[in-house]
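The values are calculated or read from the model by the stated rules, or taken from the named source; none is laboratory data. Quick caveat, the model's predicted, so the values are computed rather than measured. Cβ atoms come from the backbone with ideal geometry, glycine included; neighbour counts cover every protein chain shown. Calculation scope for accessible area: heavy atoms of the full protein, side chains included, ligands and nucleic acids excluded. Shrake-Rupley method; radii C 1.70, N 1.55, O 1.52, S 1.80 Å.
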Amino acid sequence: MIKNTLIRTTFVVFLICAFYACTAERKPRINMPTTNLAAEGLIPKPLKVISTNSAFALDKFTAIYTAKGDTGFQEVAEFLANKLAQKTNLEIPVNDESLQTLERVIYINKSDSTDINTPEAYQLYINQDSIIINANTAEGAFRGIQTLRQLVPHTSNDTLAPHTIWPVPTGKITDNPAFEYRGSMLDVARHFFSVEDVKKYIDILAYYKINVLHLHLSDDQGWRIEIKSWPKLTEIGGSTEVGGEAGGFYTQEDYKEIVRYAAERYMTVVPEIDMPGHTNAASVSYPFLNGNGKTPELYEGIEVGFSTFDTRKDTVYAFVDDVVREISEITPGPYFHIGGDESHVTKKDDYIYFVNRVEKIVQKYGKRMIGWDEVAVADIDSTSISQWWASAENAKKAVEKGMQVIVSPATRTYLDMKYDTLSKFGLHWAAYIPVDSAYIWTPEGYGGIPRENILGIEAPLWSETISNIDELEYLAFPRVIGHSELSWSIPENRNWEDYKVRLANQAPFLERMDVKYYPSPLIDWKKSKYTYKTIEKD
Ligand code: TNX
């Protein structure tokens with residue numbers, strides 16, 4: 001089963017040693033129930049699943065081991081142990097060679113198999129006595145353990161053994177993402193969200209294998225990241241938000257903590273500074289930036305399109321250079337998002353001139369530029385990325401320039417769109433997006449974009465109408481879970497009827513995580529095979 005003989009031999013020797021080390025305390029084999037791995041409620045749906053219909057008894061005699069000396073594997077194992085402890089209260093040791101009572105092993109293996117040929121691919125073999133996760137990289141192993149977390153039942157089974165066990169269905173999973181960029185955006189500019197809120201969002205997204213968090217860090221209503229060379233941005237520009245509440249901002253240390261937390265979950269943070277429009281908060285802080293001919297004032301409304309930088313002033317580019325440099329220095333990921341949307345009061349020539357110049361600044365600091373779809377009108381090069389939110393024509397232009405496209409159609413992926421007329425929060429300028437409509441569409445070849453030009457999918461959450469984490473969760477969940485499947489699973493594995501049952505089965509996890517999701521009436525939450533408390537309907 002394991003292709004790499006050397007690893008297999010090492011592992012078998014290890015198991016034999018473990019067996020002899022603990023024969024004195026060996027427990028009788030437990031009769032496992034019949035299971036069906038292929039029918040488990042996994043999201044996103046893995047590429048291939050083969051069931052062998054028995055179970056691995058996760059219990060207090062289980063231990064986790066990893067390949068030694070390979071970067072990141074130990075941390076992935078500890079992450080798994082930690083999450084299993086939160087779910088089951090089991091304290092599962094990691095790489096502990098002194099164990100006396102070892103019965104079952106979870107082995108996280110670095111494999112060079114050519115079957116696992118992308119960094120995020122993994123194989124998961126679940127047998128009665130062992131679970132083996134094979135991956136080329138710790139990132140792949142991390143994705144694999146999310147699948148394993150989903151397979152551990154929410155309640156233990158105390159009738160099978162004299163002690164508590166969590167039966168994990170046996171079989172083999174081979175998995176690999178369809179798209180390399182699987183993201184969600186959070187608008188922390190219209191309303192500010194704390195580091196703790198962002199971490200909670202990251203945690204839930206990572207469970208569904210989302211690997212990009214795009215932070216919309218500036219807009220007309222607020223500037224949310226400390227720039228040491230331009231302190232008034234946060235002092236003045238960070239002081240407000242929509243609706244008149246005090247805003248807030250991340251210090252560079254806060255931002256680094258978000259980046260670190262995301263990186264621990266193999267998630268890339270994409271910072272966005274929206275320019276040359278959506279810049280009122282910056283212009284109030286430093287009025288020389290302003291190009292709309294008016295005296296900028298702090299703004300707490302939600303209309304857009306009235307602000308612009310003065311794109312013909314060199315000092316504006318000195319400012320942009322500092323901002324891009326400072327943020328790039330604390331951003332390990334490859335991308336920098338320059339916004340570029342809805343610059344309605346910037347003349348077209350000025351807009352093109354601005355985007356062309358800023359692209360060079362982004363590249364100077366070693367990043368790949370992303371911009372909302374409008375940026376494709378400029379003379380940008382093929383390494384830059386266009387994020388399609390509204391205009392098919394702009395998306396086409398991007399493809400003609402050889403650029404890659406992130407697919408974020410407002411009518412399908414905008415998490416700030418209301419579910420229906422009864423939704424408490426959200427806007428509806430693009431559409432009402434019920435849970436099925438967010439899921440039933442095909443990003444592959446969307447709008448005629450060739451598959452090879454699609455970098456991935458992103459679901460943006462704009463925050464004009466939401467001001468706290470409960471409201472954020474109401475709009476994001478469960479829709480973003482569907483977007484995770486659209487970006488990870490191949491079209492042949494996606495099916496609404498099948499998905500909606502798997503989604504119903506997410507209720508116990510979401511509730512344990514205290515996620516205030518919208519209990520859409522399209523989902524038969526009650527049919528979930530688990531019991532959970534009644535959800536208050538909004
Ligand atoms: C359009 S999408 C915007 C945002 C708003 C959003 C509200 C995009 C690039 N621009 O400024 O927040 O609609 O749905």
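Side notes on the structure shown:
- Placing a pseudo-label 7 Å from each Cα along the Cα-to-Cβ vector at D381 and D322 gives an inter-label distance of 2.8 nm.
- Potential lengthening between E400 and K347 on full extension [0.36 nm per residue; Cα-Cα distance subtracted]: 16.7 nm
- FRET efficiency estimate (nearest 0.05) - Cβ-Cβ, E393 to E303, R0 25 angstrom: 0.55
- Entries in K313/K348; K313/K347; K209/K500; K87/K500; K294/K347; K256/K347 that, when Cα-Cα distance is taken, lie over 26 Å: K256/K347
- Antiparallel DSSP beta bridges within the chain, percent to nearest 5: 35 percent
- FRET efficiency for E497 and D314, using Cβ-Cβ distance with R0 set to 56 Å, rounded to 0.05: 0.40
- Helix-only mean residue ellipticity at 222 nm for the chain, each DSSP H run of n ≥ 4 adding -39500 (n - 2.57), per residue, nearest 500: -9000 deg cm²/dmol
- Taken one residue at a time, the phi angles of segment 479-493 give Karplus couplings (6.51, -1.76, 1.60, θ = phi - 60°) of 4, 5, 5, x, 5, 4, 5, 4, 8, 9, 8, 6, x, 4, 9 Hz. Gly and Pro are set to x.
- Normalised convex hull volume, the chain, alpha-carbon set, Å³ per residue: 144 Å³
- Distance between the 7 Å Cα→Cβ label points at E257 and L99: 3.4 nm.
- Positive-end residue of I126, I258, V358, charge dipole of the chain with Cβ unit charges: I126
- Taking 14 Å as the cut-off, the amide N atoms of segment 470-500 that come nearer than this to a point 7 Å along the Cα-to-beta-carbon line of T442 belong to 490-496.
- Under the convention that each Lys and Arg Cβ holds +1 and each Asp and Glu Cβ holds -1, the size of the dipole of the chain around its Cα centre is about 1740 debye.
- For segment 309-440, with +1 on Lys and Arg beta carbons and -1 on Asp and Glu, the positive-most of V323, T383, H337 along the dipole: T383
- Annotation: amide H of I370 within the under-5 Å range of F336, H337, I338, I385, sequence separation 5 or more or interchain, hydrogens built in the peptide plane.
- Distances between placed amide hydrogens fall under 5 Å for M185 paired with H214, A459, L461, all partners being 5 or more residues away or on another chain.
- Full-extension gain in nm, N356 to D420, via 0.36 nm per residue minus C-alpha separation: 19.0 nm
- Potential extension, K526-A430 segment - 0.36 nm per residue separation minus Cα distance: 31.5 nm
- At the residue level, K360 shows approximately 110 square angstrom of accessible surface with a 1.4 angstrom probe and all protein chains present.
- Whole-Hz ³J(HN,Hα) from phi, Karplus 6.51 cos²θ - 1.76 cosθ + 1.60, for segment 209-215, glycine and proline x: 6, 6, 10, 9, 10, 9, 9
- Here r is the Cβ-Cβ distance between S130 and D470 and R0 is 45 Å; the resulting FRET efficiency, rounded to 0.05, is 0.60.
- Farthest toward positive dipole pole in the chain [+1 Lys/Arg, -1 Asp/Glu at C-beta], among L215, P521, L186: P521
- Label-to-label distance for E511 and V195 is 3.3 nm, based on points extended 7 Å past Cα in the beta-carbon direction.
- Karplus-derived HN-Hα couplings along segment 267-276 (A = 6.51, B = -1.76, C = 1.60, θ = phi - 60°), whole Hz, x at Gly and Pro: 10, 8, 8, 10, x, 10, 10, 7, 8, x
- Per residue, the chain exposes 38 Å² of solvent-accessible protein surface, assessed with a 1.4 angstrom probe and all protein chains in place.
- Counting only protein heavy atoms and a probe of 1.4 Å, the accessible surface of the chain is 52% carbon and sulfur.
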